[in-house]
1. Out of the residues in segment A:378-412 that are over 16 Å from A:F350 (Cα atoms) and at the interface with another protein chain (Cβ under 9 Å from one of its Cβ atoms), state the one that is farthest from the chain's Cα centre (by Cα).
2. Checking the condition in contact with a Phe, Trp or Tyr (Cβ under 7 Å, 6 or more places away or on another chain) and either of a type outside the set (G, A, S) or more than 10 Å from chain B (Cβ to nearest Cβ) (or both), which residue from A:L252, A:L257, A:L203, A:L266 passes?
3. Check whether at least one residue in segment B:239-260 is part of a helix (DSSP H, G or I), aliphatic (A, V, I, L, M), closer than 19 Å to B:K70 by Cα and in contact (Cβ under 8 Å) with a residue 24 or more places away in the chain, and report yes or no.
4. If B:T235 satisfies all but one of (1) in a helix (DSSP H, G or I); (2) touching a residue at least 24 places away in the same chain (Cβ under 8 Å); (3) buried (at least 17 other Cβ atoms within 10 Å of the Cβ); (4) within 11 Å of chain A (Cβ to nearest Cβ), what's the number of the condition it fails?
5. Just checking, which of B:S74, B:S20 is of a type in the set (S, T, N, Q), under 30 Å from A:I380 (Cα atoms) and either modelled with pLDDT of 95 or more or crowded, with 16+ Cβ neighbours inside 10 Å (or both)?
6. Quick check on segment A:192-201. Is at least one of its residues under 25 Å from the mean Cα position of the chain (by Cα), over 30 Å from A:D334 (Cβ atoms), in a loop (DSSP other than H, G, I, E, B) and modelled with pLDDT of 95 or more?
7. Checking A:M142 against (1) without any contact (Cβ under 8 Å) to a residue 40 or more places away in the chain; (2) within 24 Å of A:S198 (Cβ to Cβ): exactly one of these is not met. Which one?
8. Could you please give the count of residues in segment B:183-198 that are modelled with pLDDT under 90 and touching a Pro at 6+ places or on another chain (Cβ under 9 Å)?
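The values are calculated or read from the model by the stated rules, or taken from the named source; none is laboratory data. These numbers were taken from a predicted model, which means no experiment stands behind them. Here Cβ is always computed from backbone atoms with ideal geometry, including for glycine, and neighbour counts include all displayed protein chains.
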Amino acid sequence: MSFPWAKQYEPTNGLTKFLDEKLPVPRLVYNAVGAGYPVPRNLSYFWNFGVLAGFFLMLQIVTGVVLAMHYAANASVAFATTEHIMRDINWGWLMRYAHANGASFFFIVVYIHIFRGFFYSSYKAPREMIWLLGVVIFLLMMATAFMGYVLPWGQMSFWGAKVITGLFGAIPLVGEPIQVWLLGGFAPDNAALNRFFSLHFLLPFVIMGVVIMHIWALHIPGSSNPTGVEVKSESDTVPFHPYYTAKDGFGLGVILLLFFAMVFFLPNYLGHPDNYIEANPLSTPAHIVPEWYFWPFYAILRAFTFDFILPAKLWGVLGMFAAILMWFFLPWLDKSPVRSGHYRPLFRKFFWFGLIPAMAVLFYCGGAPAEEPFVMLSQIATAYYFLHFLVIIPIVSQVEKPEPLPYSITEAVLGSDKKAVLGENTEPAV
Amino acid sequence: MIRIIAILVGLGFAFVALISFVVGAYTAATEEAPDTHLPYEHPQDVNFSFDGPFGTWDYGQLQRGYKVYKEVCSACHSLKFVALRNLGELGYTEAQVKAEAATWTVPGIDPNTGEASTRPGEPTDYFPKPYPNNVAAAAANNNAIPPDLSLITKARADGTNYVASLLTGYRPPSEELLAEHPEAAPGPGLYHNVYFPNMNLAMAPPLTSNGQVTYDDGTEATIGQMATDVAAFLTWTAEPTLVKRKQTGWPVLIFVLFATILAWFSKTQIWAAVKPKKTKA
């Protein structure tokens, strides 16, 4: 579906006419990211991050496929083949550093994309399905990243795999058999490494499939925008191409500058030195920490330290999974008719002075050793995190009095909407 | 309904997290947690030619460091990911690499009997290991296995400075330290070092006297100089492509910067038509 004023694709020469008749790929592209997709004219730079996430997914697939040509998923040589890539393969070091930092940048842009969604309530009707698929993508990304980090078979790879699969051991009764089944043994070894490699190769293509559905679902209602007011007339939109291709091109340049600065000058900054030590099942690292993008959820896992009816470890596992799974329910928890945080005074305060500081604390504490004061800080932040999504958002959306919305996007941008004054817009205001 | 369930679940998780907090805070307030952190020192900041975004190798220093590794470290520490041919990257000529490789004894096979034997190294060989296996390494070193040094500067926080500092950080524990942390006293066969995280390590001070290694370029081989040189050499072994990486980075960044500036101009030009005109106040 699209807006009635969307430009129509017209094949101009013999080849495009032939294609349009037999397999209309050019038409698909034109309607998806070309001039045939009308997009609100007022998108801020926060709307760049979906395209950027797509870019980093493709970068990960390209560098990953090249790395897989030289890597061997066998516990006796995995570490050595990784070093072989770094030392002997032409530009192998660039491929590996780009892949390792590419994962970090993929998460950076996806976190910004998700928090953009939180602030502007992008999850609300009619965009629930886009949001649900997005949460699925995030879960798949976490699984993929976790298994990818195991592949170099360094100390953090091994012990990270042991700790994370050990979480399943917290499930009552069936936990330990499940853990053994997942690992193919009692501890991470060749069987685990092999299946992680297999799945690490598979899942990115699954992510790509879900991304296609995510974008498909997006094109049905069209993009949201910073006012949260739905598109009413043609003057509210501009064609995706050239307006947003140009804007995304600039955003891509900026993120690539940061990305290449990391790859070429600080390639190991986001990694952990212990992962340059070969995996050793007999020597436990002093502090086992996952990659930075798991820190908030790792902090939640470790925040539950008291056996309240259930064992503390099980609370931690439940809390960690619930921390993400509850995002699925957001569209039905937030009943406010207004989307944008710009027009929701109370929601906005909780977002900037509650959720963002709590996430910052969880990020910091997840990377810190399991000592005081970090554990106590993460306990308070964890409590707030759950209260924010499950208690504060439902209540605030009921009691809050939103600020007045602009009549239309055009009015928000230009200060007035002449067509609205003339009564050409017949759709009711949101 | 869904919101009532959500509120109950949210209150539940928050409640358990806060109980954990209260119990933890109570424990912290009533029981004094033993301070298990030993006050080890962070590595000193040593200047190296390859530091910073424009860093380059100092081949003289790398060759000196190689000599320190060869004459001191290699007695106990392997360098298994580095090949003898890689010495060509340190500024040696092809003939020098061949001659240098031949000074190493590598495991081989007797061509007549097929028995295991040894032979002089070739550039295609990797650095030989000092011990046949970990059991032999542990037996010869007070039960501690000397780590492989190929990646040591990447496998430790602030690795290059750490190696240089550790090699010069041996000194007897101070009395104040022992008064506060009696466990910091070195046990049998251990040596006190202020830069090692648990302050005592099984490696005896390897660099003991000035002039222990005779440098070919006439540089005075003080302990500090030898430690710095070998740290530089081990930075090269950990990442032989370090300088190439930095040198590749600049053209890439300049190219992307140029492309980004062009993208900015094209973006502003495209949007000029639909941007609201700025009205003069």
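1. In this case the residue turns out to be A:Q379.
2. Numbers: A:L257 fails: in contact with a Phe, Trp or Tyr (Cβ under 7 Å, 6 or more places away or on another chain); A:L203 fails: in contact with a Phe, Trp or Tyr (Cβ under 7 Å, 6 or more places away or on another chain); A:L266 fails: in contact with a Phe, Trp or Tyr (Cβ under 7 Å, 6 or more places away or on another chain).
Just one listed residue meets the conditions, A:L252.
3. Taking segment B:239-260 first, the residues part of a helix (DSSP H, G or I) are B:242-260.
Next, from what is left, pick out any that are aliphatic (A, V, I, L, M): B:242-243, B:252-254, B:256-257, B:259.
Next cut, closer than 19 Å to B:K70 by Cα only: none.
No, because not a single residue in segment B:239-260 is part of a helix (DSSP H, G or I), aliphatic (A, V, I, L, M), closer than 19 Å to B:K70 by Cα and in contact (Cβ under 8 Å) with a residue 24 or more places away in the chain.
4. Condition not satisfied by B:T235: (4).
5. Working: B:S74 fails: under 30 Å from A:I380 (Cα atoms).
One residue alone meets the criteria, B:S20.
6. For segment A:192-201, residues under 25 Å from the mean Cα position of the chain (by Cα), over 30 Å from A:D334 (Cβ atoms), in a loop (DSSP other than H, G, I, E, B) and modelled with pLDDT of 95 or more: absent.
7. The single condition A:M142 does not satisfy is (1).
8. First, pick out the residues of segment B:183-198 that are modelled with pLDDT under 90: B:183-189, B:197-198.
Then keep just the ones that are touching a Pro at 6+ places or on another chain (Cβ under 9 Å); that gives B:184-186.
Residues flagged as modelled with pLDDT under 90 and touching a Pro at 6+ places or on another chain (Cβ under 9 Å) within segment B:183-198 amount to 3.
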